Amino acid sequence: METTSRAEPQDATGGPGASGGKDASQGVPGARRAVEGYLMAGFPWYGLDDAFTGARWLMQVGVAADGAVEHGSTGHGDEPSLRGELGEEEQRFAVVVTVASRPVRRSPDGNGVLEATSVSSAAWLAGSGLLSCTWPAQMERALRQDWLEQQTAIAWELADDLHGGAWTMLSLPVDGVPTDFHYRESEYGWVLAGAAQHEVHIGAYGRGMSAYGLGFAVVKDIESYA
C-alpha cells in the first residue's frame, strides 16, 4: 500500500502534534485537523463498540497517491508512548484500523497501478502499528532501527500468510454480527484482521486489554474521538 499519512496529532512516539497542542504555522488545533482528515474518507470508520467505556482518541489517516483516504486508526484506552510515562506492562490500549476495500486501479498519472487493499493490508498496518509503540525501551538507540526493520519485515511476511501457522481464528462481533478474524499474539501484544461490512477491512492491535472480549462497531460520530 503506497500511502502517505495526514493528520497526526497523537502519534505513537509522542512527537510534534500531540493532542492539546496547536500548530503555529496553521493556527488550527491538531485535533481539529485530525478530524478533518477522517471526514474526507468515503467509508465509515470503525472503533470498539459501546461496551468499551474508556478514553477514545484519534491517530492518523493514510492517503493514497490519488488523494483518496485509504485507512486510518482510532485508539482506545491509554495512548501508547515511548517516553516512559507508563511502563510497558502498565499500558492498556486497543487500536482499531479501518482500511477501505479498493481494487487494483490506475495511478493518477496513468503510468502505473495502485495496489488493491485486502485483509492482509489490515493485518500489515496493525502489525506495524503495534511495533511502532512497543519496541524494547531498554534497547540501545543505535540498535533500535535494525530491530525495527527486522521486526517490520517479519510482520509483513506474517500479514502475507494469513493462513499460516502463526495465526488462529477468533470470532468477534462487528456491528453485532459474529465475524471471523485472523489473530496472533506475540511478546509485544496482539494483532488481528478481518473483513467487515461497508466494503472495509478491519485490523486491530493492543496490549494489556484482552482481544477476546472486544467488539467493533461503526463510529457514529468521529468527532467524539477528538
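A few comments on the model shown:
- Residue list for the stretch 189-202, filter: under 24 Å from T53 (Cα atoms) and open to solvent by 70 Å² or more (accessible area, probe 1.4 Å): Q197
- Taken over the stretch 128-161, the residue count meeting the criterion of being within 15 Å of Y205 (Cβ to Cβ), more than 15 Å from the chain's Cα centre (by Cα) and either at pLDDT 90 or above or of a type in the set (F, W, Y) (or both) is 2.
- Check on A142, under 29 Å from G42 (Cα atoms) and of a type in the set (A, V, I, L, M, F, W, C): no
- Options S224, S186, S210: the member that is over 23 Å from G54 (Cβ atoms) and either of a type in the set (S, T, Y) or at pLDDT below 95 (or both): S186
- Here S186 meets the list (1) more than 20 Å from G129 (Cβ to Cβ); (2) out of contact with any strand residue (DSSP E or B) (no Cβ under 6 Å at 6 or more places or on another chain); (3) of a type outside the set (A, V, I, L, M) almost entirely, failing just condition (1).
- Taking residues in the stretch 116-127 that are more than 10 Å from Y205 (Cβ to Cβ), and partners anywhere that are open to solvent by 10 Å² or more (accessible area, probe 1.4 Å) and assigned to a helix (DSSP H, G or I), the pairs with Cβ atoms closer than 7 Å and at least 6 places apart or on different chains are W124/W156.
- A single member of A41, A65 is modelled with pLDDT of 55 or more and open to solvent by less than 30 Å² (accessible area, probe 1.4 Å), and it is A41.
- Subset tally (residues that are of a type in the set (K, R) and open to solvent by less than 10 Å² (accessible area, probe 1.4 Å)) for the stretch 203-226: 0
- T117 being touching a Phe, Trp or Tyr at 6+ places or on another chain (Cβ under 8 Å), surrounded by 15 or more Cβ atoms within 10 Å (Cβ to Cβ), modelled with pLDDT under 85 and within 26 Å of H76 (Cα to Cα): no
- D180 meets the conditions (1) open to solvent by 50 Å² or more (accessible area, probe 1.4 Å); (2) over 25 Å from A100 (Cβ atoms) in every case but one. The failed one is (2).
The values are calculated or read from the model by the stated rules, or taken from the named source; none is laboratory data. Remember, predicted model here, so these are calculated numbers, not experimental data. When we count neighbours, we look across all protein chains shown, and the Cβ atoms used for this are built from the backbone with ideal geometry, even at glycine. Side chains are part of the model used for accessible areas, which takes the heavy atoms of the whole protein and leaves out ligands, DNA and RNA. Shrake-Rupley method; radii C 1.70, N 1.55, O 1.52, S 1.80 Å.
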